[in-house]
1. Which of the helices in the chain meet the span-like rule: DSSP H, Cα axial reach of 15 Å or more, Kyte-Doolittle mean at least 1.6?
2. State whether region 80-179 is rounded, prolate or oblate according to the following rule on the C-alpha gyration tensor (a ≥ b ≥ c being the square roots of its eigenvalues): a/c under 1.5 gives rounded; otherwise a/b larger than b/c gives prolate, and the remaining case gives oblate.
3. Could you give the length gained by full extension between A10 and K93, i.e. 0.36 nm per residue of separation minus their alpha carbon distance, to one decimal place?
4. In Å², what does the accessible area per residue of the chain work out to with a 1.4 Å probe?
5. Test of understanding: what is the full-extension gain from L68 to M144, defined as 0.36 nm times their sequence separation minus their Cα-Cα distance?
6. I'd like the distance between the alpha-carbon centres of region 84-130 and region 30-66, rounded to an integer number of Å.
7. Ignoring any ligand, DNA or RNA, what whole percent of the accessible area of region 1-121 comes from carbon and sulfur when the probe is 1.4 angstrom?
8. Any chance you could count the Lys pairs in the chain whose alpha carbons are under 28 Å apart, treating pairs 8 or more apart or on different chains as valid?
Amino acid sequence: MRKQTSRRVALCGVLAAMMIVVMLLGTIIPLSTYACPALAGVISIPVIWEFGAPTGGLLYAAVSILSLLLTPDKEAALLFALLLGWYPILRPKLQHLRQRPLRIILKLVIFNLAICLVYALLLFVFTSPDLQAEATGYTLPLLMGTLVLGNVTFFVYDLLLARVSNLYVYRLRPKLFSSHF
């Protein structure tokens, strides 16, 4: 029991540190506002597989709070906290839905609600003069095109999560945790 707890704390601590470093890299590399939160979400896959959704949720909460406090790029931090951080925890539950159209519609609804919430918070709560000035030049067709492209990108992210999960389970897990097998 004690060995299991120590292993859980150690793995979560190391992965949390990796996730925070990835989130901080988003401020150094200019175009990585979307890529770094997505990569940080992918890093949580071993915790979800090894210790379950509750431990993955605690890891997500800790990294979300730390990234909101430490990361200067609030857009990336909010994207992680409101969508890309908790989605890898929710995804296995969504995959158990038997009806594929329902599953796709539910994923679209989740993504669109989260994105609308992120940008509403950025425009009205975390008021950034740069973002507000940029938002005044947007037209409706540009916003709609961006949202459609975001939906497509989200499904690519969903596919990436599936592939990385399979890679972890079938290739890395037997090598890292050979005592399980």
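1. Flagged H segments are 53-70, 100-124.
2. prolate
3. Between A10 and K93, full extension yields 27.3 nm more.
4. Accessible area per residue: 60 Å².
5. Once the chain is fully extended between L68 and M144, it gains 24.6 nm.
6. What the calculation gives is 15 Å, centre to centre.
7. Reported share for carbon and sulfur atoms: 76 percent.
8. 4
The values are calculated or read from the model by the stated rules, or taken from the named source; none is laboratory data. All figures in this text were calculated on a predicted structure; none of them were measured in a lab. Ligands, DNA and RNA are stripped out before the accessible areas are found, and what is left, the full protein with its side chains, is counted by its heavy atoms. Shrake-Rupley method; radii C 1.70, N 1.55, O 1.52, S 1.80 Å.
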